[in-house]
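The values are calculated or read from the model by the stated rules, or taken from the named source; none is laboratory data. Here the structure is a predicted model, which is why all the values come from computation and not from measurement. Cβ coordinates were reconstructed from backbone atoms using ideal geometry, including for glycine residues, and neighbour counts include every protein chain displayed.
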Number of protein chains: 2
Amino acid sequence: MKFEVTILGSSSATPIFNRNPTAQVVNVNDKLYLVDCAEGTQQQMMRFDIKPGRIDHIFISHLHGDHYLGLVGLLSSMHLNGRKKMLKLFCPEPLKEIIEVQLKYSETSLNYAIDYVFTDASQRSLIFENQDVCVETIPLDHRIPTTGFLFKQKKRLRKLIKERIEEIGIPVPYYTAIKRGSDYEAPDGTIYKNEELTIAPAPPKSYAYVSDTKYNEKYFKQITGAALLYHEATFMHDMLDRANQTHHTTALQAGEIANITKAEKLVIGHFSARYKTLNELLEETQTVFPNTELAVEGRVFVISE
Amino acid sequence: MKFEVTILGSSSATPIFNRNPTAQVVNVNDKLYLVDCAEGTQQQMMRFDIKPGRIDHIFISHLHGDHYLGLVGLLSSMHLNGRKKMLKLFCPEPLKEIIEVQLKYSETSLNYAIDYVFTDASQRSLIFENQDVCVETIPLDHRIPTTGFLFKQKKRLRKLIKERIEEIGIPVPYYTAIKRGSDYEAPDGTIYKNEELTIAPAPPKSYAYVSDTKYNEKYFKQITGAALLYHEATFMHDMLDRANQTHHTTALQAGEIANITKAEKLVIGHFSARYKTLNELLEETQTVFPNTELAVEGRVFVISE
């Protein structure tokens, strides 16, 4: 099942050096989930050929402008482009007021409904679930209420061994039960054990999106074992004091967190405007966690195919 | 005196085809005035090397998102980049609430003051004046309260004829009065008429910014004689019904308005997303007003040098 992340923005605070502030698209089984939506996100979506009409779920981590200022423009463009489908918006509660005051004064009545689901930064919660994936909030440690998001693939059904199924002549109506783990009893009473009819699916994978936060063990357990961990790494470690003061993480700390939580792969992002080039951040992280890449705009990280 | 306009965005409603929604910078005597500020304006300023720190005055025509959604991001970046200078913001009154609600929830207290000057779309008003320029609102005819802005160069002082001044030996303290039109009386009682001491300055020029509006004669008199007229031209004239319904202007109408108001030059912008290329709009306008150009991003229109 397709499970991948496309980076639309990697800058912290302000756009700079052709880096846009934070936004990314998570694709799970060809459904698109937008995670954060900084100013310029709709321009970035055009640039990387991501159709806004395919997005039905948007997740906003917190209300610093570099994570949501592109949202009203995107909502407005969806409206102007004829959207009718409901949009689900997972966000801190005050975002509703921010959106509504702007719609009010532009005298805009959207042609589609927004279904708000308010996040609670004080506790881990399951906020979304469908047949492919469930999404939990990750309570973080930032200056204002902030949650990351943990995308967990659903456990998939077992895979039928086609040749064996046909050989035995099992009728189609039995397939679902067998995929779920049942044995099959043939009309002649023979029992075929599930293990000889199916193979186990790939274990479900998870993607942890850890936006703005200070290093804080409170979320480590929840994100443990992520196939892909996106972690902010705003500063180099020589700026640790500044990172602590502004509730951000250093590149070295991001690598340590990936180690402690046994991530398979790490992507660092949310780079400070003080870094014109990013290699030094990457190298610092790689001293402790070699399997790290930079969240460069347009880059796609494949978790499963 | 330098007087020029740099286009930062030319699209209506949504960003598309690498066209950003409306924003432009007016440079009068090396002071920069930002006019409208759509999403992505700060990115465009970076692209065209316009330093936000040089902007002390921002003019917002109305509260449709394609004219102001980049403002909170720009204000925030100015704050993060250490701005202390007061910023003057000329805008419809509700913009204050829109900005303040966003600063509140991001827990941001700007390091500089915003001095709001609220525009009144019901009447023409002088809203700004310094030694170089004065700015009037232009009441327009749009779906929500909207004003354009008329930038009028101040009448300049007369220019001293240096050789003549030196020949007569006029002391420096008399220069200002002479530039203002006074004659000079020498110690021996000789009267030197101003006409032989000075030459007339270039006549003051004006720039009329007519953002979203329906064709409406009410603003024609005010903008008459503009050295440069920027006029929206959202649609081709075959879409006149749609233009009327949405309170916009057609390319043909923009040309007619330039003719009626005796503009020296016309720039059309605010193009609908239905036009992937813009030549047909330009050609339509030029059938009635040949001296027309397109508001293409990055293009600079020089009014005086």
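Miscellaneous remarks
- Residue A:256 passes every criterion in (1) surrounded by fewer than 20 Cβ atoms within 10 Å (Cβ to Cβ); (2) within 21 Å of residue A:28 (Cα to Cα) apart from (2).
- Within segment A:141-185, the set of residues being of a type in the set (A, V, I, L, M, F, W, C), buried (at least 16 other Cβ atoms within 10 Å of the Cβ) and within 31 Å of the chain's Cα centre (by Cα) comprises A:144, A:149, A:150, A:151, A:160.
- Residue in segment A:58-69 that is farthest from the other protein chains (Cβ to nearest Cβ), counting only those that are in a loop (DSSP other than H, G, I, E, B) and crowded, with 24+ Cβ neighbours inside 10 Å: A:61
- Enumeration of residues in segment B:262-286 that are polar (S, T, N, Q) and surrounded by 13 or more Cβ atoms within 10 Å (Cβ to Cβ): B:272, B:285, B:286
- For segment A:32-54, a tally of residues being charged (D, E, K, R), more than 10 Å from chain B (Cβ to nearest Cβ) and closer than 17 Å to residue A:297 by Cβ returns 2.
- Which numbered condition residue A:82 misses (of (1) part of a loop (DSSP other than H, G, I, E, B); (2) more than 7 Å from chain B (Cβ to nearest Cβ); (3) on the phi < 0 side of the Ramachandran plot): (3)
- Residue check, residue A:87 touching a helix residue (DSSP H, G or I) at 6+ places or on another chain (Cβ under 6 Å) and either at pLDDT 95 or above or under 16 Å from residue A:116 (Cβ atoms) (or both): no
Matching residues to (1) outside the structural domain of residue A:123 (by TED's automatic domain parsing); (2) aliphatic (A, V, I, L, M); (3) crowded, with 21+ Cβ neighbours inside 10 Å; (4) at pLDDT 95 or above:
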position	(1), (2), (3), (4)
A:18	no, no, no, no
A:36	no, no, yes, yes
A:45	no, yes, yes, yes
A:71	no, yes, yes, yes
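- For segment B:108-157, a tally of residues being more than 30 Å from residue A:144 (Cβ to Cβ) and of a type in the set (Gly, Ala, Ser) returns 4.
- Taken over segment A:159-170, the criterion of being part of a helix (DSSP H, G or I) and in contact (Cβ under 8 Å) with a residue 12 or more places away in the chain is satisfied by A:164, A:165, A:168.
- Taking the criterion of being assigned to a strand (DSSP E or B) and either closer than 27 Å to residue A:156 by Cα or not assigned by TED's automatic domain parsing to the domain that holds residue A:69 (or both), the residues of segment A:22-34 that qualify are A:24, A:25, A:26, A:27, A:28, A:31, A:32, A:33, A:34.
- The lone exception for residue A:151 - which of (1) away from every other protein chain (no Cβ under 12 Å); (2) free of Cβ contacts under 8 Å to residues at least 60 places away in the same chain; (3) of a type in the set (Phe, Trp, Tyr) it fails: (2)
- A search for C-beta distances below 6 Å between a residue of segment B:271-296 that is farther than 15 Å from residue B:239 by Cβ and any residue that is among the basic types (Lys, Arg) and not in a helix (DSSP H, G or I), counting only pairs 6+ apart in sequence or on different chains, returns B:291/B:265.
- Residue tally, condition within 12 Å of chain B (Cβ to nearest Cβ) and either of a type in the set (A, V, I, L, M, F, W, C) or part of a loop (DSSP other than H, G, I, E, B) (or both), over segment A:85-109: 11
- Qualifying residues in segment A:9-31 (those that are touching an Asp or Glu at 6+ places or on another chain (Cβ under 8 Å) and more than 13 Å from chain B (Cβ to nearest Cβ)) - the one farthest from residue B:82 (Cα to Cα): A:29
- Members of segment B:81-111 found to be exposed (fewer than 15 other Cβ atoms within 10 Å of the Cβ) and in contact with a strand residue (DSSP E or B) (Cβ under 8 Å, 6 or more places away or on another chain), listed by number: B:85, B:86, B:93, B:96
- Flag if residue A:173 is outside any strand (DSSP E or B), more than 14 Å from every other protein chain (Cβ to nearest Cβ) and not aliphatic (A, V, I, L, M): yes
- Residues being surrounded by 23 or more Cβ atoms within 10 Å (Cβ to Cβ), in contact with a helix residue (DSSP H, G or I) (Cβ under 6 Å, 6 or more places away or on another chain) and either hydrophobic (A, V, I, L, M, F, W, C) or without any contact (Cβ under 8 Å) to a residue 12 or more places away in the chain (or both) - total across segment B:20-34: 1
- Candidate set from segment B:110-158 (those that are part of a loop (DSSP other than H, G, I, E, B) and of a type in the set (Ser, Thr, Tyr)); member that is farthest from residue B:82 (Cα to Cα): B:122
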